[in-house]
Structures are given as structure tokens and as C-alpha cells.
1. For the chain, find the longest principal axis of its Cα atoms and tell me its angle to the long axis of helix 99-116, 0 to 90°, nearest 10.
2. Determine the sum of side-chain charges near residue 76: Lys and Arg each +1, Asp and Glu each -1, restricted to other residues whose C-beta is under 11 angstrom from that of residue 76.
3. Place the peptides 143-151, 38-46 in order of packing, highest mean first, counting for every residue the other Cβ atoms within 10 Å and averaging per peptide.
4. Along Cα→Cβ, 7 Å out, is where each label goes; now give me the distance between the ones at residue 40 and residue 134 in nm to one decimal.
5. Using a ≥ b ≥ c from the Cα gyration tensor of the chain (square roots of the eigenvalues), is it rounded, prolate or oblate, where a/c under 1.5 gives rounded and otherwise the larger of a/b and b/c decides, a/b for prolate?
6. Under a point-charge model restricted to the Cβ atoms of Lys and Arg (+1) and Asp and Glu (-1), what is the dipole moment magnitude of the chain relative to its Cα centre, in debye to the nearest 20?
7. Anything over 27 Å Cα to Cα? Flag those among 107/152; 112/154; 65/134; 30/112; 43/160, in the order listed.
8. Could I have the simple spin-label model distance between residue 68 and residue 100, label points 7 Å from Cα toward Cβ, reported in nm to one decimal?
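FYI, it's all coordinate maths here, none of it is from the lab. Computed from a predicted structure; not experimentally measured. Here the Cβ positions follow ideal geometry from the backbone for every residue, glycine too, while neighbour counts run over all protein chains shown.
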Amino acid sequence: MQNNLNRKPNRKLGYNYSQNNLYFITGNVKNFDCCLGFVENKKMNLNKFGVVVQNQINWLAEHYKYVVLHATIVMPNHFHFVLEIDSHLVDSSTKIKSVSQLVGAFKTTSSKEIHSMGFKDFVWHRSFYDHIIKDELSYLRICNYIETNPEKWKEDTFNKPKQ
């Protein structure tokens, strides 16, 4: 087992991930299992588990009033979304959760729902990828990547053949 002391930190050190900003988030199903649907004719077709994942992404913006979702996609074994934290949407007494706490809430609620549907072995990969979006060009490039992800599924790094 890998020593956690030697793990590379996933987040930018010293950065406040609960501050107002746009964040590009990617998460994977453990072992890259394609259990959320399939791509056909360059279009993503969600199965019932993929629908849960999409619903729980949407739930983030419904449940946390300071969260704004920009672009989202659920793929066969991963998801991408651009999440904005905007504290101006709530009163100053509202505690703003960090990106890690928000993604944790999403993963927990989606997993519980998928487990309740009978898929007891469903597990998200332990961590997630984030990118702090710094300018409009980066934002536009990332949104385009998310929106065209199904079209590029055959070449996608997450499209891993079963071993």
C-alpha cells in the first residue's frame, strides 16, 4: 500500500477553494468501469445510473444557492462540470463549502442513490481533478471540451478497454 505521506497533493497549496471562482471538475468511476451509459453516434446515452449522476450534479446548484453550474457532461465512466462559487447569491452569514466538500457531497449522495437502486458495488474513484479557471479563453476552451466530449469518446483517455 502506498504511503500517504508521499502522495502528491491534489489541490493547489494555499488556495482557498471556497472563494468566488470558476472550477473545472472531473471525477471517475473506480477502475474506469463504464456503468453510467454509452456513447453511440457521438451522443451520450445515460442509463438509470447516469441519470442519477446528472441529477445529483444539478442538485448541487439547487441545494447550495451559491453554486452555479455552467457546462456539465456525464460520460460512461466519468463526469466533467464547470462549477462557479458565487457568494454574492447568498447572505453573508451563509457558510460557503469548499470545492472538495461540494464534490464530496455530490459523490456521497449519488453513490447512496445508485446503491439503493441495487448497484451495491458502485464506487467513485477516491479523488477528483480540478482546474481553477483563470480567464475567459480557458473557460471557453473547457466548456467546448465538455460539450464535445461524446464526439471524441473513441480517443478519450478515460475510454479504457476491459483487461
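1. Here the helix axis deviates by roughly 40 degrees.
2. -2
3. 143-151, 38-46
4. In this crude spin-label approximation the distance works out to 4.3 nm.
5. Judged from the Cα gyration tensor, the chain comes out rounded (a/c under 1.5).
6. 620
7. 112/154
8. Label-label distance for residue 68 and residue 100, simple model: 2.6 nm.
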